[in-house]
Amino acid sequence: MSIYVDENTRVVVQGITGREGRFHTRQCLDYGTAVVAGVTPGKGGQEMEGVPVYDTVAGAVEDTGANCSLIFVPPTLAADAVLEAADAGIGLAVTITEGIPVLDMLRVKTHLQSSQLRLIGPNCPGIISPGRSKVGIMPGAIHKPGGPIGVVSRSGTLTYEVVDQLTKQGIGQSTCLGIGGDPVNGTSFLDALEAFERDPETAGVLIVGEIGGDAEERAAEFAAREMHKPVVGFVAGLTAPPGRRMGHAGAVISGGSGTARSKIEALRENGVTVCEDLGSLGDCCARAFLGVL
Amino acid sequence: MKIHEYQAKEIFARYGIPVPAGGAAFSVEEAVSAAEDLGSYPVVLKAQIHAGGRGKGGGVQLARSREEVQSVASSLLSMNLVTHQTGERGQPVNRLLVEQGLDIEQELYLSFLPDRSAGKIAVVASDAGGVDIEEVARESPERIVTVHVDPLLGMYPYHCRRVAFGLDLLPEARKEFMALLGRMYRIFIDQDCSLLEINPLVITTDKRVIALDAKAAFDDNGLVRHQNLAAYRDPEEEDPLERQASEYGLNYIKMEGNVGNMVNGAGLAMATMDLIKQAGAEPANFLDVGGGASAEMVENGFKILLSDDSVRAVLINIFGGILRCDVLARGVVQAAEQVGLNLPVVVRMEGTNVEEGRRILAESGLDLRTAGDVREAAQQIAAIVGGAPGGNA
């Protein structure tokens, strides 16, 4: 088992003929992901990396039975792309695009409350269930299949760093997902923890947070209230100055709230093992997950 | 993107929101002529900088005559305004807003902003206006009304009623106040705002509702569809290095330490700064060169880091994964040669062909050291700069 993606995931890539879309379609195919279709309006009937291209998501779904979308379209067109995927009956949309206007995301998020679609991202590296399916831009080779640890993070390359440390400790992963660095996103820490708690193959969860918002605090309360599996946490941004946006649109300490320190404290108070030093995160996980490995 | 008060008031006026009569001035002469245009005294001179807390810092002053306008304008235009938001160095004042004085009966607070956890637009109002709203939130939270608006439905009259009747508001001003709420919401949506704030929103003794102050900030991701807003950008409000970095498409924030660092990805960049600090040194900056990595971006990153005189050593942390380390290493060497690098550099890179990448760095003849992992990288860099900043290694 795993969460959200596995062998049955059939991917349609929206924006497949763009530079990023094409490159990562190849990477996903090489990893073994079932990429069954691509969409670029006006290029229907062509092929890209051996994958048939359609003009609309609905057309791709009808022909290929795609159930998951991987979105690379430019920021101001991305809301349209997510809504199109939802309308076509897609169950999971993984949105890599960075720079989507916040008001667009507010509208999309509100609409999705009455839809079957789960959105991961935007501004994220995607999701991988190692050895089964990779729907994203992360390097597949650093992951170790077979579980039992789930990883959920707001970051991209920082996720690769922590996954690499787990793998070097010999700790495999059930599923690793990035939920994105934007202030308004689809899947939250809380959603991912809930799914990992239900997944029989996941024995523990590593949550990688950063400054800004209160998603870590909410996740911490959920972990204390609802979870039986051990959770380890890391929070980036102890040295971040207040009021400055640290690269990610959502990474800003405002009015003294959303600091790394307050998040670390919230996690600890709720029984989450926190590692403050990235250099020893792998060691820390090996100790904290010892009982479940 | 933030803009000045007088610019925000231009936008407010376009949407029919009443603002005091007044005009912007870039010199003492312009200030005097703007005051004369108003026709009567007293007038208020307000320093135009992006930071808040201007009143407390002495940036807002009354003038009762032409002579007073002259002396107040000349003192404001030569000051470095220090507020709780500017830092100790303060911000030079280059622009003024000259406005008609008003007779005020009530001061309110009003703001619109996206609520990230509710996924809605929040309208926040208080009848304790003209003071720091965070203080009101702490001391008397019952005086703050927050209403959430569904972005798909928009603002309905009941939202306005909930705000208006939730405040201790002069009844004669209620209708005008509710009309103003609708107009503010329209600006917020039309212009992709990340914040609209009026503090204070005043009710005059003749019961008019007027935006005495105005603050507007825009979602950087939305700017691409509002070309008209570009004219409002004030480069003098930005740190010169940060401005140059943004021209290169890099995310850079100046810090106080002496360890320059360059990282791909914002989360990893923050975590790398934390590591530098935990190893006993101080980061000189935050620099995210983007999730990918290319020779050109490393070169631009070097240019930014080396323009900062306080930098004593540089740490490069690139987790490429798919990226080939030999390609990256050649990029680093080439960039170091291009910019005439003469500082010690510790490179930690991960990706395919790591061994080949290390060999290229080692054989370059430059002072480039490789680290096996992030812990080793932080320890090496701290050893080079000798622990705490300013310490002599």
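A few comments on the model shown:
- Matching residues, segment B:255-287, being under 23 Å from A:GLU98 (Cβ atoms) and either among the β-branched types (Val, Ile, Thr) or more than 7 Å from every other protein chain (Cβ to nearest Cβ) (or both): B:ASN261, B:MET262, B:VAL263, B:THR272, B:ASN285, B:LEU287
- Residue among B:ALA173, B:ALA128 that alone is open to solvent by less than 20 Å² (accessible area, probe 1.4 Å), farther than 18 Å from B:ILE189 by Cβ and touching a helix residue (DSSP H, G or I) at 6+ places or on another chain (Cβ under 8 Å): B:ALA128
- Subset of segment B:54-82 (residues that are touching a helix residue (DSSP H, G or I) at 6+ places or on another chain (Cβ under 6 Å), part of a helix (DSSP H, G or I) and of a type in the set (Gly, Ala, Ser)): B:ALA73, B:SER74
- Exactly one residue among B:GLU142, B:GLU134 is open to solvent by 70 Å² or more (accessible area, probe 1.4 Å), closer than 26 Å to A:ALA249 by Cβ and in the same structural domain as B:ILE203 (by TED's automatic domain parsing), and that residue is B:GLU134.
- Subset of segment A:2-35 (residues that are under 26 Å from A:ASP199 (Cα atoms), of a type outside the set (Gly, Ala, Ser), open to solvent by less than 50 Å² (accessible area, probe 1.4 Å) and not in a loop (DSSP other than H, G, I, E, B)): A:VAL11, A:VAL12, A:CYS28, A:LEU29, A:VAL35
- Test result for B:ARG225, within 14 Å of chain A (Cβ to nearest Cβ) and surrounded by fewer than 22 Cβ atoms within 10 Å (Cβ to Cβ): yes
- The helices (runs of 4 or more DSSP H) found entirely in segment B:126-216 that carry 3 or more residues being more than 14 Å from chain A (Cβ to nearest Cβ) are B:157-166, B:174-190.
- Matching residues in segment A:221-257 - criterion: being at the interface with chain B (Cβ under 10 Å from one of its Cβ atoms), buried (at least 22 other Cβ atoms within 10 Å of the Cβ) and among the small types (Gly, Ala, Ser): A:ALA236, A:GLY237, A:ALA240, A:GLY247, A:ALA249, A:GLY250, A:ALA251
- Considered as a group, the residues in segment A:259-276 that are hydrophobic (A, V, I, L, M, F, W, C) and within 12 Å of another protein chain (Cβ to nearest Cβ) include one that is farthest from A:GLU217 (Cα to Cα), and that residue is A:CYS275.
- All conditions in (1) within 14 Å of another protein chain (Cβ to nearest Cβ); (2) under 15 Å from A:THR17 (Cβ atoms); (3) free of Cβ contacts under 8 Å to residues at least 12 places away in the same chain hold for A:GLU47, with the sole exception of (1).
- Identity of the residue in segment A:277-293, touching a residue at least 40 places away in the same chain (Cβ under 8 Å) and in contact with a helix residue (DSSP H, G or I) (Cβ under 7 Å, 6 or more places away or on another chain), that ends up nearest to the other protein chains (Cβ to nearest Cβ): A:LEU278
- Counting the residues of segment B:3-17 that are buried (at least 20 other Cβ atoms within 10 Å of the Cβ) and either modelled with pLDDT under 95 or not aromatic (Phe, Trp, Tyr) (or both) gives 8.
- When each of B:VAL333, B:VAL327 is tested for being assigned by TED's automatic domain parsing to the domain that holds B:LYS254, surrounded by fewer than 20 Cβ atoms within 10 Å (Cβ to Cβ) and either assigned to a helix (DSSP H, G or I) or among the hydroxyl-bearing types (Ser, Thr, Tyr) (or both), the lone residue that passes is B:VAL327.
- Test: residue in segment A:201-211 that is over 30 Å from B:VAL259 (Cβ atoms), outside the structural domain of A:MET1 (by TED's automatic domain parsing) and open to solvent by 30 Å² or more (accessible area, probe 1.4 Å): yes
- Counting only residues that are open to solvent by less than 30 Å² (accessible area, probe 1.4 Å) and facing chain A (nearest Cβ under 8 Å), segment B:237-254 holds 1 of them.
- Selected residue (criterion: surrounded by the most Cβ atoms within 10 Å (Cβ to Cβ)) from residues of segment B:23-48 that are outside any helix (DSSP H, G or I), touching a residue at least 60 places away in the same chain (Cβ under 8 Å) and touching a helix residue (DSSP H, G or I) at 6+ places or on another chain (Cβ under 7 Å): B:ALA25
- Only one of B:LYS175, B:LYS207, B:LYS215 that is closer than 27 Å to A:VAL102 by Cβ, in the same structural domain as B:SER111 (by TED's automatic domain parsing) and basic (Lys, Arg): B:LYS215
The values are calculated or read from the model by the stated rules, or taken from the named source; none is laboratory data. Fair warning: this is a prediction, and the values are worked out from it, not measured in the lab. Positions of Cβ are generated from backbone atoms using ideal geometry, with glycine treated the same way; all protein chains shown enter the neighbour counts. With ligands, DNA and RNA removed, areas are computed over all heavy atoms of the protein, side chains included. Shrake-Rupley method; radii C 1.70, N 1.55, O 1.52, S 1.80 Å.
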